[in-house]
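A.B. asks: This is the structure I have questions about; it appears just below.
The values are calculated or read from the model by the stated rules, or taken from the named source; none is laboratory data. All values derive from a computational prediction rather than experimental measurement. Here the Cβ positions follow ideal geometry from the backbone for every residue, glycine too, while neighbour counts run over all protein chains shown.
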Amino acid sequence: MISKISICNLALAQLGQSPISSLEQENEKARRLNLFYAPVRDEVLRTHNWAFAAVAEPLALLEEQANEQGRFVYKYPVEALFIRRVFDPNRSRLPFQEFFRPDLHSRVLVIPSQQAYGEYTRRITDENLFDAAFIKSFSLALACDLAVSLTADTQLAAQLLQKYTLSLEEARRSNASESFTPGNTPDAFTEVR
């Protein structure tokens with residue numbers, strides 16, 4: 001069973017640092033890991049269409065734009081980190097624009113279709129859902145971002161960046177066979193969870 005601590009300790013091992021037992025420890029390692037963990041996780045999730053984080057589902061229509069015929073405003077999915085594509089019921093790709101709506105205090109998608117589906121990468125916070133290739137890439141990215149602040153070794157940071165890049169390329173290759181694309185599934189509107 002993978003956990004936040006085990007991923008953090010993988011990153012620390014890449015840095016030649018001793019492991020921690022808790023993120024609540026009163027030391028610099030735990031403070032830095034708490035600071036970097038979520039942003040680095042989300043960044044690595046956005047870098048690729050990871051099968052375990054891919055979702056395709058109907059988008060929630062908010063309104064038709066009154067001043068422009070054929071433009072519809074949809075709610076930006078709450079869990080979405082990155083909208084990969086938008087498509088219609090016939091699976092044809094649709095153009096879309098993303099905006100922030102101050103009156104709604106949220107992001108929205110403007111799409112020229114009354115029915116639209118979104119394929120996106122969702123934020124995953126349960127480490128047990130991560131696949132092994134993602135865990136390796138994520139821990140290396142975390143180590144890379146922590147290298148200078150914990151070790152003051154810029155050469156180590158550069159080596160970890162190269163190792164992360166190679167790991168991510170390998171993860172993308174292995175994940176490609178699992179990648180979700182609406183056009184190659186029997187039911188294009190099945191949510192992947």
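A.B. asks: Buried (at least 17 other Cβ atoms within 10 Å of the Cβ), part of a helix (DSSP H, G or I) and of a type in the set (S, T, N, Q), is that true of S137?
C.D. replies: It is true that S137 is buried (at least 17 other Cβ atoms within 10 Å of the Cβ), part of a helix (DSSP H, G or I) and of a type in the set (S, T, N, Q).
A.B. asks: Could you check I20 against (1) assigned by TED's automatic domain parsing to the domain that holds N90; (2) in a loop (DSSP other than H, G, I, E, B); (3) not basic (K, R) and say which number it fails?
C.D. replies: Here I20 clears every test but (1).
A.B. asks: Does any residue of the stretch 56-75 turn out to be within 18 Å of the chain's Cα centre (by Cα) and either closer than 24 Å to N128 by Cβ or not in a strand (DSSP E or B) (or both)?
C.D. replies: Yes.
A.B. asks: Please indicate, with yes or no, whether at least one residue in the stretch 53-63 is of a type in the set (D, E) and touching a residue at least 12 places away in the same chain (Cβ under 8 Å).
C.D. replies: Yes: one or more hits.
A.B. asks: Evaluate the stretch 102-114: report whether one residue or more is at pLDDT below 95 and part of a helix (DSSP H, G or I).
C.D. replies: No, the stretch 102-114 contains no residue that is at pLDDT below 95 and part of a helix (DSSP H, G or I).
A.B. asks: Taking into account only those residues within the stretch 143-193 that are aliphatic (A, V, I, L, M) and at pLDDT below 90, which is nearest to L94 (Cα to Cα)?
C.D. replies: Top of the filtered list is A188.
A.B. asks: What's the number of the only condition in (1) closer than 24 Å to R123 by Cα; (2) surrounded by 13 or more Cβ atoms within 10 Å (Cβ to Cβ) that R71 fails to meet?
C.D. replies: In the conditions (1) closer than 24 Å to R123 by Cα; (2) surrounded by 13 or more Cβ atoms within 10 Å (Cβ to Cβ), R71 misses (1) alone.
A.B. asks: In this structure, does H48 turn out to be over 18 Å from Y117 (Cα atoms) and crowded, with 16+ Cβ neighbours inside 10 Å?
C.D. replies: yes
A.B. asks: If F82 meets every condition in (1) crowded, with 18+ Cβ neighbours inside 10 Å; (2) of a type outside the set (V, I, T); (3) outside any helix (DSSP H, G or I) apart from one, which number is that one?
C.D. replies: (1)
A.B. asks: Let me ask another. Mind listing just one residue for me: the one in the stretch 14-37 that is of a type in the set (A, V, I, L, M, F, W, C) and in contact (Cβ under 8 Å) with a residue 24 or more places away in the chain and, of those, surrounded by the most Cβ atoms within 10 Å (Cβ to Cβ)? Explain how you work it out, then say what you get.
C.D. replies: First, pick out the residues of the stretch 14-37 that are of a type in the set (A, V, I, L, M, F, W, C): 15, 20, 23, 30, 33, 35-36.
In the following step, the residues that additionally are in contact (Cβ under 8 Å) with a residue 24 or more places away in the chain were identified as 15, 33, 36.
Working: L15: 19, L33: 24, F36: 20.
Ranking the qualifying residues of the stretch 14-37, first place goes to L33.
A.B. asks: Also: Exactly one condition in (1) in a strand (DSSP E or B); (2) under 30 Å from E170 (Cα atoms); (3) charged (D, E, K, R) is not met by E98; state its number.
C.D. replies: (2)
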